[in-house]
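Input: a single structure, listed below in C-alpha cells.
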Amino acid sequence: MCMGVCRAPSCVVAATPSRDWCGPDEMSELQVLLPRGGCLQALMTAPDLPAFGELQQAFAAALSRALTQSPSARQHPELVALGFWLRPAHLHRLMEAARARLATQWIQPRGLCFHVAPGNVDTIFVYSWIVSLLCGNRSVVRLSSRDSDQIRALLESLGGLLEQPEWAEIARRVMVVRYAHDEQLNTELSAACDMRIIWGGDTAVRTLRSIPLSTTATELCFPDKFSLAVLDAGAVAALDDAGLRQLAHRFTADAYSFGQMGCSSPRLVLWVGAPEAARGAAERFWESVAHRLDSYAHGLEAADAMNARVAADLLAMDQSGIQVLTARSPLLRVWLDRPAVLSDAHCGGGLFHESSFEDFDALQGLWTRRVQTISSFGTSQEQWHRWLSRAPMGGIDRIVPVGRALDFDPLWDGQDLWAAFTRCIAWQEPY
C-alpha cells in the first residue's frame, strides 16, 4: 500500500499507486491505510454524528457480517470474537445499559478522537473506535508499525465496507494511519483532537502524555496491566474429564491469544485450597492444558520459550522459595512459596507464576493498580463480593469467568467508555 506523507494535517491524503507523496517534507512518513482517498482536513471539518445513531449501528452490524463471512478473518479467533461482539443484539444490550446510566443527561459527542493502538494487541483499536463512533465521534487511529495477518485481514474487511457508497458518511469520519515514532505528527494530532486514547506500555504512555493537548481536550490511558486466574482446587478436582477439558480449553484461549501479552491474559495462577490439594488439582489441570496446546495455534516460537526459561531462571536465582516446574514448550510453570504479583519478572510466552492460599485475607496487599483482570473458577460471585466488601482495594478492574478474560466491555480498566466518549450538557428547569 502506498504512503501519503505530509506535515500539515490539512494536506494528509491517502495515496494512490501512482503517487508516493502528498507534501514536500519527506522526513515524516505517514501511511494512510483507510479509507482510500481519505483526507484529514475533511475529517476534521466533518460534523459529528448523533450519539447512538442508527447509521453507526447499521455500520457496526455490517462490519460484524463482513468479519464472520470473510475467509481470511475466520482464520483468526480474535477477529471471529470481534465479529460476534459487534452483533446488533449484543451492541443493543450494551447501548441500552449505557442509555440507562445516562438517561438524566443530555449527551453529545466529544468530537475528534485520536486513538493510539498498542503493538501487542493491534485489533483492540476497533473496540474503542466502534464505541467512539457509536457515540457520534470522528476518529484518527494510529496503528503500530508491527504488521500481522490479523491486522491485514481486519483492514481488508473494514476497507471493503468503507469503499461502499452507503457507508460514505462513516468513511468521512475515520482515518486509520501508520507512521514511525514522530514527535511532530503526534504533537499536531494531539493539538487537533478533542480526546486522546492511548493503549500501550508504560513508556509509550509516558511519551505521549508528555505531548500537550488542547486545553479543552481530555484523555484516556490504558497502560501496562497484570492479570491472573484464581482457581478453586476443590472445584477443579471435582470436574469429570469432559469438564476439565472444557476448563482447559477456555483457559488456553485466555492465556495464549496474543502470545500471553494481552493485559487481560492470566500470567499468575492462584489456587484456593490447602497446599497438597492445590498441587494435586494443579497437576491434573496443567496436564489437560498441555494436551490442549498440542492442537492449539498459539503462534509462539522457540525464542518465546527461551525468553520464558531465562525469566524463570533469573527469578529463581533472585528470590528464595521459587521452584521451576513444568518445562514443556510452550508451557513453563514457576511455583512461588506465597502469592505475589511479579509483573517485572514476567515476559509472557507461556510462562505462568503459580501459588496457593487458603484464606482470601492472605491476598491483602496483592491488589495494586497494576492488577486488571481476575479469571475466576469455583469462587461464587457472592464469595467475591463478601471478601471485596471488607478488603481495601488498590486494584482489580474486572472479575470474569475463565474463558472470558479477553471479552471486551465498554466498562474497561475501571472506566466507562460510553461516558468518556460523550460530554454532558447540564440542563436546569426554570423556576
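The values are calculated or read from the model by the stated rules, or taken from the named source; none is laboratory data. What you see is a predicted model; the values in this text were computed from it and never measured. Reconstructed Cβ throughout: ideal geometry from the backbone, glycine too, with neighbour counts over all protein chains shown.
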The lone condition TRP418 fails out of (1) part of a loop (DSSP other than H, G, I, E, B); (2) touching a residue at least 40 places away in the same chain (Cβ under 8 Å) is (1)
Filter segment 226-268 for residues that are in contact with a Phe, Trp or Tyr (Cβ under 6 Å, 6 or more places away or on another chain) and part of a helix (DSSP H, G or I); the one that is modelled with the lowest pLDDT is THR252
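Here is a yes/no grid of residues against (1) in contact with a Leu (Cβ under 9 Å, 6 or more places away or on another chain); (2) farther than 29 Å from GLU188 by Cβ; (3) free of Cβ contacts under 8 Å to residues at least 40 places away in the same chain:
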position: LEU33; (1), (2), (3): yes, no, no
position: GLN57; (1), (2), (3): yes, yes, no
position: HIS76; (1), (2), (3): yes, yes, no
position: LEU79; (1), (2), (3): yes, yes, no
position: GLY83; (1), (2), (3): yes, yes, yes
position: ALA100; (1), (2), (3): no, yes, yes
position: GLN105; (1), (2), (3): no, yes, no
Can you name the condition, by its number, that TRP271 falls short on among (1) touching a strand residue (DSSP E or B) at 6+ places or on another chain (Cβ under 9 Å); (2) aromatic (Phe, Trp, Tyr); (3) within 30 Å of ARG206 (Cα to Cα)?
(3)
Among the residues of segment 294-306, the number that are surrounded by 15 or more Cβ atoms within 10 Å (Cβ to Cβ) and over 23 Å from the mean Cα position of the chain (by Cα) is 1
Limited to segment 32-61, what total is found for residues that are aliphatic (A, V, I, L, M), crowded, with 17+ Cβ neighbours inside 10 Å and under 11 Å from LEU86 (Cβ atoms)?
1
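Listed here are the residues, each with its yes/no results for (1) touching a Leu at 6+ places or on another chain (Cβ under 6 Å); (2) within 30 Å of PRO109 (Cα to Cα); (3) surrounded by fewer than 19 Cβ atoms within 10 Å (Cβ to Cβ).
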position	(1), (2), (3)
GLY348	no, no, no
TRP387	no, no, yes
LEU406	no, yes, no
LEU417	no, yes, no
Which residues, counting only those in segment 125-143, are in contact (Cβ under 8 Å) with a residue 40 or more places away in the chain and either among the hydroxyl-bearing types (Ser, Thr, Tyr) or not assigned by TED's automatic domain parsing to the domain that holds GLN108 (or both)?
TYR127, SER128, SER132
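Rundown of residues vs (1) farther than 30 Å from ALA255 by Cα; (2) modelled with pLDDT of 95 or more; (3) part of a strand (DSSP E or B), yes/no style:
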position	(1), (2), (3)
HIS115	no, yes, yes
SER132	no, yes, no
ASP147	no, no, no
ALA168	yes, yes, no
So ALA281, is it of a type outside the set (Val, Ile, Thr), crowded, with 20+ Cβ neighbours inside 10 Å, over 24 Å from ASP232 (Cα atoms) and touching a strand residue (DSSP E or B) at 6+ places or on another chain (Cβ under 7 Å):
no
State whether the residues of segment 364-376 include one that is under 19 Å from SER257 (Cβ atoms), among the aliphatic types (A, V, I, L, M) and assigned to a strand (DSSP E or B).
yes
Every residue in segment 108-122 that is more than 20 Å from the chain's Cα centre (by Cα) and under 30 Å from THR203 (Cβ atoms), please.
ARG110, GLY111, LEU112
Picking from ARG333, ARG309, ARG338, the residue that is part of a loop (DSSP other than H, G, I, E, B), among the basic types (Lys, Arg), at pLDDT 80 or above and in the same structural domain as GLY262 (by TED's automatic domain parsing) would be ARG338
So ALA362 passes all but one of these: (1) modelled with pLDDT under 85; (2) among the small types (Gly, Ala, Ser); (3) in contact with a strand residue (DSSP E or B) (Cβ under 9 Å, 6 or more places away or on another chain). Which condition number does it fail?
(3)
Of all residues in segment 90-107, how many are over 22 Å from the mean Cα position of the chain (by Cα), among the hydrophobic types (A, V, I, L, M, F, W, C) and assigned to a helix (DSSP H, G or I)?
1
Please work out if SER355 is within 17 Å of PHE226 (Cα to Cα), touching a helix residue (DSSP H, G or I) at 6+ places or on another chain (Cβ under 9 Å) and not charged (D, E, K, R).
yes
Here the qualifying pairs (Cβ atoms under 8 Å; residues six or more apart or on different chains; first in segment 314-339 and touching a residue at least 12 places away in the same chain (Cβ under 8 Å) and β-branched (Val, Ile, Thr); second assigned to a loop (DSSP other than H, G, I, E, B) and surrounded by 12 or more Cβ atoms within 10 Å (Cβ to Cβ)) come out as ILE322/ASP337
